[in-house]
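The values are calculated or read from the model by the stated rules, or taken from the named source; none is laboratory data. Quick caveat: nothing in here was measured; it's all calculated off a predicted structure. Cβ placement follows ideal geometry from the backbone for every residue including glycine, while neighbour counts extend to all protein chains displayed.
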Amino acid sequence: MSDASSEPVLLVERPREGVVTLRMNRPERLNAMSAELVQELHDTLAGLAVDPKCRVVILTGSGRGFCAGLDLGGYGSAPHTDEMGSTQRAFAVQKHIATLIPRLRSLPQPVIAAVNGAAAGGGLALVLGSDVRLASTASKFNVAFVRIGFSACDIGTSWLLPRIVGAARAQEMMLTGRIVGAEEALRIGLVVELHAPEFLEKAALDKAELIMANTPFGVYLTKEAMWTALEIPAMQSAIDLENRQQIMSGNTEDAQESMSAFIEKRPPIYRNR
């Protein structure tokens, strides 16, 4: 799909075997979220979830912004809401956006956020919902919702942000809505690496290569367990889950191939079997 400019609102690129880059493509609006862009993200991620050729997803933006959050100039309507009342339509829009975060979480492949510029509001939520967060030195972040009269608790931010940067920092960021620069984002653990803008996507590709050196099933189970462990209240419950995953992953053909390749000092060839 595309917006009024006739350009696709989401570019799907395959820069390297196993890697799919999703580039939000509304640069004139700093890639702000429209109904078309959000639906394209939903549809494309659903397709990638069952794509055996996709091992890692990189999420980034066109131009100088990552994603400026909700397009205040006009989001549009969520699908299948023409006959609804105004409250119902507004609620459908809210869910249309917010369900992107569970979509990212449930994706079998890891998602690397390559934050090339401003990530505000819903854009910040996309960063938080990714598995690995890299950023350029030109990036900046803020919980924008509170600055425009809404609660700062939106699109999973109230759950994700405290778990990533800690409760005290999250509370301050959410109550003030202030801009967090790239250096501070690195210092507080909001992102794990900073790169010059021209090297950011290469860094994301290099990180994808490190992930793809591991078995597809092992990576999938690791992503699943790490997210699940954030919601498990007892350590023993997490250990019980880990125990089952180890037996499952260890009995695959790829696990044997991984060990053989290590002993023989050669690159492994995985078939997800």
- Message: Regarding segment 200-214, can at least one residue be identified that is outside the structural domain of M248 (by TED's automatic domain parsing) and more than 30 Å from F262 (Cβ to Cβ)?
- Response: yes
- Query: Restricting the search to segment 251-268, which residues are touching a helix residue (DSSP H, G or I) at 6+ places or on another chain (Cβ under 7 Å) and surrounded by fewer than 10 Cβ atoms within 10 Å (Cβ to Cβ)?
  - Reply: P267
- Message: Among the residues of segment 189-203, what is the count of those that are surrounded by 15 or more Cβ atoms within 10 Å (Cβ to Cβ) and either among the polar types (S, T, N, Q) or assigned to a loop (DSSP other than H, G, I, E, B) (or both)?
- Response: 2
- Query: In this structure, does A135 turn out to be under 16 Å from A120 (Cα atoms) and in a loop (DSSP other than H, G, I, E, B)?
  - Reply: no
- Note on the structure: In segment 225-260, residues that are assigned to a helix (DSSP H, G or I), more than 21 Å from Q109 (Cβ to Cβ) and of a type in the set (A, V, I, L, M) total 5
- Please find, within segment 153-169, the residue that is nearest to the chain's Cα centre (by Cα) out of those that are part of a loop (DSSP other than H, G, I, E, B) and crowded, with 21+ Cβ neighbours inside 10 Å. I155
- Task: Go through (1) touching a residue at least 12 places away in the same chain (Cβ under 8 Å); (2) within 24 Å of R26 (Cα to Cα) one by one and return the number of the condition K202 breaks.
- Result: (1)
- Query: Is it true that some residue in segment 98-110 is touching a Pro at 6+ places or on another chain (Cβ under 9 Å) and either assigned to a strand (DSSP E or B) or not hydrophobic (A, V, I, L, M, F, W, C) (or both)?
  - Reply: yes
- Tally time: how many residues in segment 43-86 are assigned to a loop (DSSP other than H, G, I, E, B) and either free of Cβ contacts under 8 Å to residues at least 24 places away in the same chain or over 19 Å from S130 (Cβ atoms) (or both)? 20
- With (1) in a helix (DSSP H, G or I); (2) modelled with pLDDT under 95 as the list, and D206 as the residue in question, which single condition is left unmet? (2)
- Please tell me if N214 is farther than 22 Å from P102 by Cβ and loosely packed, with under 12 Cβ neighbours inside 10 Å. no
- Would you point out which residue out of E201, E242, E172 is among the acidic types (D, E) and within 18 Å of the chain's Cα centre (by Cα)? E201
- Task: Would you please name the residue that is surrounded by the most Cβ atoms within 10 Å (Cβ to Cβ), looking only at residues in segment 116-130 that are out of contact with any Asp or Glu (no Cβ under 9 Å at 6 or more places or on another chain) and outside any loop (DSSP other than H, G, I, E, B)?
- Result: A119
- Residue ID - surrounded by the most Cβ atoms within 10 Å (Cβ to Cβ), chosen from residues in segment 170-184 that are touching a helix residue (DSSP H, G or I) at 6+ places or on another chain (Cβ under 9 Å) and closer than 11 Å to N142 by Cα: M173
- Hey, can you tell me all the residues within segment 68-92 that are closer than 14 Å to Q39 by Cβ and surrounded by 18 or more Cβ atoms within 10 Å (Cβ to Cβ)? D71, Y75, A78
- Task: Would you point out the residue of segment 129-149, among those that are over 16 Å from A68 (Cα atoms) and out of contact with any Leu (no Cβ under 9 Å at 6 or more places or on another chain), that is modelled with the highest pLDDT?
- Result: V132
- How many residues are surrounded by fewer than 17 Cβ atoms within 10 Å (Cβ to Cβ) and not in a loop (DSSP other than H, G, I, E, B) if we restrict to segment 9-42? 9
- Message: Suppose the filter is of a type in the set (A, V, I, L, M) and farther than 30 Å from S258 by Cα; does A229 pass it?
- Response: no
